[in-house]
1. Count, please, the residues in the range 97-117 that happen to be open to solvent by 60 Å² or more (accessible area, probe 1.4 Å), farther than 14 Å from Ile61 by Cβ and part of a helix (DSSP H, G or I).
2. Of all residues in the range 207-217, how many are surrounded by fewer than 24 Cβ atoms within 10 Å (Cβ to Cβ) and in contact with a strand residue (DSSP E or B) (Cβ under 7 Å, 6 or more places away or on another chain)?
3. What tally of residues in the range 143-155 results from selecting those that are surrounded by 15 or more Cβ atoms within 10 Å (Cβ to Cβ) and touching a Lys or Arg at 6+ places or on another chain (Cβ under 9 Å)?
4. If you scan the range 343-365, which residues turn out to be in contact (Cβ under 8 Å) with a residue 12 or more places away in the chain and part of a loop (DSSP other than H, G, I, E, B)?
5. Answer yes if at least one residue in the range 313-331 is touching a residue at least 24 places away in the same chain (Cβ under 8 Å), among the hydrophobic types (A, V, I, L, M, F, W, C) and more than 30 Å from Ile22 (Cα to Cα), and no otherwise.
6. If a residue counts only when it is modelled with pLDDT of 90 or more, surrounded by 15 or more Cβ atoms within 10 Å (Cβ to Cβ) and of a type in the set (A, V, I, L, M, F, W, C), which helices (runs of 4 or more DSSP H) contained entirely in the range 1-83 have at least 2 such residues?
7. From the residues in the range 166-219 that are on the phi > 0 side of the Ramachandran plot and without any contact (Cβ under 8 Å) to a residue 40 or more places away in the chain, which one is farthest from the chain's Cα centre (by Cα)?
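The values are calculated or read from the model by the stated rules, or taken from the named source; none is laboratory data. Predicted model, so just to flag it, every value in this text is computed and none were measured. FYI the Cβ positions are ideal-geometry reconstructions off the backbone, even for glycines, and counts take in every protein chain you see. Please note that ligands, DNA and RNA were not included when accessible areas were found on the heavy atoms of the full protein model with its side chains. Shrake-Rupley method; radii C 1.70, N 1.55, O 1.52, S 1.80 Å.
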Amino acid sequence: NKLVFQNILINNKVMKNDTLVITAKVQIFPNKQQVIELKKMFELYSLACNWLSKKVFQNKILNQVKLHHLVYDEMRSELGTKAQFTQSVIKTVVARYKSVKSNGHDWSLVKFSGNDYDLVWNRDYSLVGHQFSVGVSSVRIKVNFAKKPLSQFQKAKAKFGSAKVVNKFGKWFLHIPMSKEVPALTIDEVSNVVGVDLGINHLATTYDSKGKTNFYRGGVVKQKRGVFKAIRKSLQEKQTSSARHRLKQIGSRENRYMTDVNHQITKALTQKHPKGTVFVLEDLTGVRHATEKVRLKNRYVSVSWAFYQFKQLLCYKAKENGQSVILIDPKYTSQTCPKCGHREKANRDKKKHHFHCKRCHYQSNDDRIGAMNIHRKGIEFVSQSDPSMVIEQASIAKVEVNQPDIPTA
């Protein structure tokens, strides 16, 4: 592996920039009168979205231009909405129906709860001095906000996107997409490759170009999710309205917990490794269908872990730190010996989480073996690629592996 990196010259300038988009969650602090105005706007927005949703459901029109010609004048005269407000409602409703359709759900009426509404930058909201100016009904209000979440983006001169006003647990937030240019990583700038094996007992196991292995253990997380599962089962048996309400709360709490865990691990990975690192993940597309063969008692944990979210979080954090992420074919990464290249299903003992090569008798933890093989595929991708090539985030790395020539671990 060291020989491979001696041939990678880090001397060319970056040929291209990437656009990094991160949603900043900024708390705002409206006074009592401003809260009343915001709530009125929430009610009107919810009313308009549900009014338009019925039209979309009946006419099955998801083309924004056609829908605009069909409902624009009627909505403004019947509900008294402003021009920009009407456009925002049309955009939101169409996007929600398209999302439902892309997820494979049957055509059904989409309902809007009224807990948020969309704002267009420099039309519905803007930054004036040290306050946000937000359009509500026929007036504009200026509200104070927590400045820390925005400070790093303002220094980087990031561009503001369409925001959402969110009312959650009695607090008010602006969710603002912020975009900024960051240098893209090219092959000749790669200084380190890290194979990342994702799992349940070890949430992530890494193997880097220095031959160092790190385990991010998942025992506590697995136990915590077991508690959530037991509570959920108990509530489902009750079949009461209060139990169903509690079920929704538990689901939201578990999702927040899983998101926090993924944030912590991906942050630790990007901070631990230097600029120029390529993280190599398995392409786990279709993992949900693959786990149908898993035992029923273990299926919940295997299916529901947010591997896709992990990849998304690692991608944007890596891009921000001058790193990149590629995906490789996961076939045989847990069955192949990283020392002699021998591949056999019997090499791995899943119950004991142990790997023992039947040919050369090399032994190690099975998650570590997976990380080593993922790392090897990343090395081969880097060494076979054009040095000036820009590494696209989460691109599928096609690697032709010569099995007998696997480098010694």
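1. 1
2. Step one: of the range 207-217, the residues surrounded by fewer than 24 Cβ atoms within 10 Å (Cβ to Cβ) are 208-217.
Subset that is in contact with a strand residue (DSSP E or B) (Cβ under 7 Å, 6 or more places away or on another chain): 208-209, 213-217.
Adding up the residues that qualify gives 7.
3. 2
4. Glu344, Lys350, His353, Cys357, Lys358, Arg359, Cys360, Tyr362, listed by residue number.
5. No: zero hits.
6. Working: elements: 2-6, 32-59, 64-79.
Hits in the range 1-83: 32-59, 64-79.
7. This residue is Gly170.
For every residue, the table says whether it meets (1) open to solvent by less than 70 Å² (accessible area, probe 1.4 Å); (2) assigned to a helix (DSSP H, G or I); (3) modelled with pLDDT of 90 or more; (4) in contact with a strand residue (DSSP E or B) (Cβ under 8 Å, 6 or more places away or on another chain).
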| site | (1), (2), (3), (4) |
| --- | --- |
| Cys315 | yes, yes, yes, yes |
| Leu327 | yes, no, yes, yes |
| Gly341 | yes, no, yes, no |
| Val401 | yes, no, no, no |
